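Structure first, commentary second.
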Amino acid sequence: MVVTGQPTAQEIAAAIATAAMESAKRGARKKTPRGDSVVAQRAATKIVRGDAREAEIEHAAQLAGRQLITAIFQNGWLPADIHQAALRRADEFAIGFLIDVMADYIRPFAPDTIDETWAAQLRELRAEVWWSDATPYFAQWTAKHMLTRTEALTTVIEALALLLLLPKLELIRPLPGSARPTADPHQHVDEKVLGRVRGLLAKAESTSFPEEAEALSAKAQELMTKYALDRVLVEAEASVLDLPGARRIWLDTPYVDAKALLIDVVAKANRSRAIFASAWGFVTIVGDDADLEAIELLTTSLLVQATRAMIATGNQNLDNDEARSRAFRKSFLVAYATRIGERLEAASAATIAESPDPERLLPVLASHQLAVDAAFDTLFPQARNRGVTIRSAEGWDAGRAAANRARLDRQRPLDR
């Protein structure tokens, strides 16, 4: 859009959005992780040096951000997802701007109409209105970061180009304003149980003995399974249905597909489903909210343990270049995840078999699994299975051996 005369804030906002779109398109053609910075800078310079009044530019920058963030939220992105994408593809100024845009977006909504996941993620990001309404936000933000107007507007265009590159996702949580304050809240893991699980996993992460680490993780799985079984029986007796929820777990490079497999096997062992978005590096898990909390807690710990075991194996074979290759390490992690999944599922099955009334429990669990499967299929009707390529037999053997060394004897005294 060509800005002539003295354009309005709406017209400038449209020009900013157009520049962001062009930046995003050129960035995509060049296969860069974000938009084209040259396009952003040229557009910002043109707007700042044009006939637009300073106040209109300041209003337009905030307006363009609000309009685009609204569309992205409607496309299924949550605050934490946007932040994770920005961490991988934007600089600190663009990240700060996007957090402020999210804080501005949430202002009109009554607290009791904001989904609890949304509220928690915004708190975690410290997305709050720090600026005064007495003067334009853009002017205060520019001064806070000691940027020129052209630099600040370039950052805005780059941040918005990132938003335009984000694909449409599944809407896994209700948008602000549509959460129902009268609805029964989802069940969460009891804090006492979480405390014991966190304690076990902290010990697992701190020990230098792989066998002890994996046994502690197995004990954590046992506790989570016992709690989940008690919960589903209470809900069945009370005719309370805890509808499946969903959340996303973002993964750091390298070996994201192997790490995604680890999340998948933990999800299966905890009555949930998982799907990997390889292009962006996150896994979506579907299940009861209480199970999702437990899965996220356990996978975070296991990823630490698996990485440490992989590095330790390489260090023990310093004379073997294969043990430090990418193929070896990826194969190690895939084998580790596969074997840990088998052992976690075995631990869960044993806990179910040893429950006081397994015959009453099994139909309830089957009904629960049907609900999770239905929710998963509704969100991901086109989901398909995909394998992970293994290029190092030595790495596979080492990873499986590392997982096999664990003693999963539930009678072992671990709570010390």
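Conditions (1) more than 30 Å from residue 330 (Cα to Cα); (2) not in a helix (DSSP H, G or I), marked per residue:
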{"position": "343", "(1), (2)": "no, no"}
{"position": "347", "(1), (2)": "no, no"}
{"position": "352", "(1), (2)": "yes, no"}
{"position": "355", "(1), (2)": "yes, yes"}
{"position": "360", "(1), (2)": "yes, no"}
{"position": "365", "(1), (2)": "yes, no"}
{"position": "369", "(1), (2)": "yes, no"}
{"position": "375", "(1), (2)": "yes, no"}
{"position": "384", "(1), (2)": "no, yes"}
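Among the residues making up the range 331-347, those that are over 13 Å from residue 313 (Cα atoms) and in contact with a helix residue (DSSP H, G or I) (Cβ under 6 Å, 6 or more places away or on another chain) are 334, 335, 337, 339, 340, 341, 344, 345, 347. For the range 308-355, a tally of residues being in contact with a Phe, Trp or Tyr (Cβ under 6 Å, 6 or more places away or on another chain) and at pLDDT 80 or above returns 5. Applying the condition of being closer than 19 Å to residue 288 by Cα and among the small types (Gly, Ala, Ser) to the range 171-213 and asking which residue is modelled with the lowest pLDDT yields 183. Which pairs do you get when a residue that is closer than 18 Å to residue 297 by Cα and part of a helix (DSSP H, G or I), found in the range 255-282, comes within reach of a residue that is at pLDDT below 95 and aromatic (Phe, Trp, Tyr), reach meaning Cβ atoms under 7 angstrom, with the pair 6+ apart or on two chains? So the pair list comes out as 260/276. Scanning the range 96-121 for residues that are of a type in the set (A, V, I, L, M) and over 16 Å from residue 66 (Cα atoms) yields 110, 114, 119, 120.
The values are calculated or read from the model by the stated rules, or taken from the named source; none is laboratory data. Just so it is clear, the structure is predicted and the values come from calculations on it, not from any experiment. Here Cβ is always computed from backbone atoms with ideal geometry, including for glycine, and neighbour counts include all displayed protein chains.
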